[in-house]
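Okay, structure first, notes after.
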Amino acid sequence: MPDIEVKSLIVESATKYFSKYGFHKTTMNEIAKHIHKAKGVLYYYFKNKEELFNEVLKQELNHVKMN
């Protein structure tokens, strides 16, 4: 699977978890399990949960701007 697809899959899963459980109750482990990847894969693309959350916010903001 190409890098861009994996990163997109991570962000998509994170978006669901953050919107359902919030930042503090969502874990990187839950996101990784949801996409059937090792937690280390998430850390390959994102330094930490905050960086992943910021990417989710950025993409959501871009989506709102487009509509």
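The values are calculated or read from the model by the stated rules, or taken from the named source; none is laboratory data. These figures come from a predicted structure and were not determined experimentally. Every residue, glycine among them, receives a Cβ derived from its backbone with ideal geometry; neighbour counts consider all protein chains shown. Heavy atoms of the whole protein, side chains included, go into the accessibility calculation; ligands, DNA and RNA do not. Shrake-Rupley method; radii C 1.70, N 1.55, O 1.52, S 1.80 Å.
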Qualifying residue in region 8-26 (condition: among the β-branched types (Val, Ile, Thr), in a helix (DSSP H, G or I) and free of Cβ contacts under 8 Å to residues at least 24 places away in the same chain): no
Leading residue by the ranking (nearest to the chain's Cα centre (by Cα)) among those in region 3-25 that are over 19 Å from LEU61 (Cβ atoms) and open to solvent by less than 70 Å² (accessible area, probe 1.4 Å): LEU9
Flag for LYS47 being loosely packed, with under 12 Cβ neighbours inside 10 Å and outside any helix (DSSP H, G or I): yes
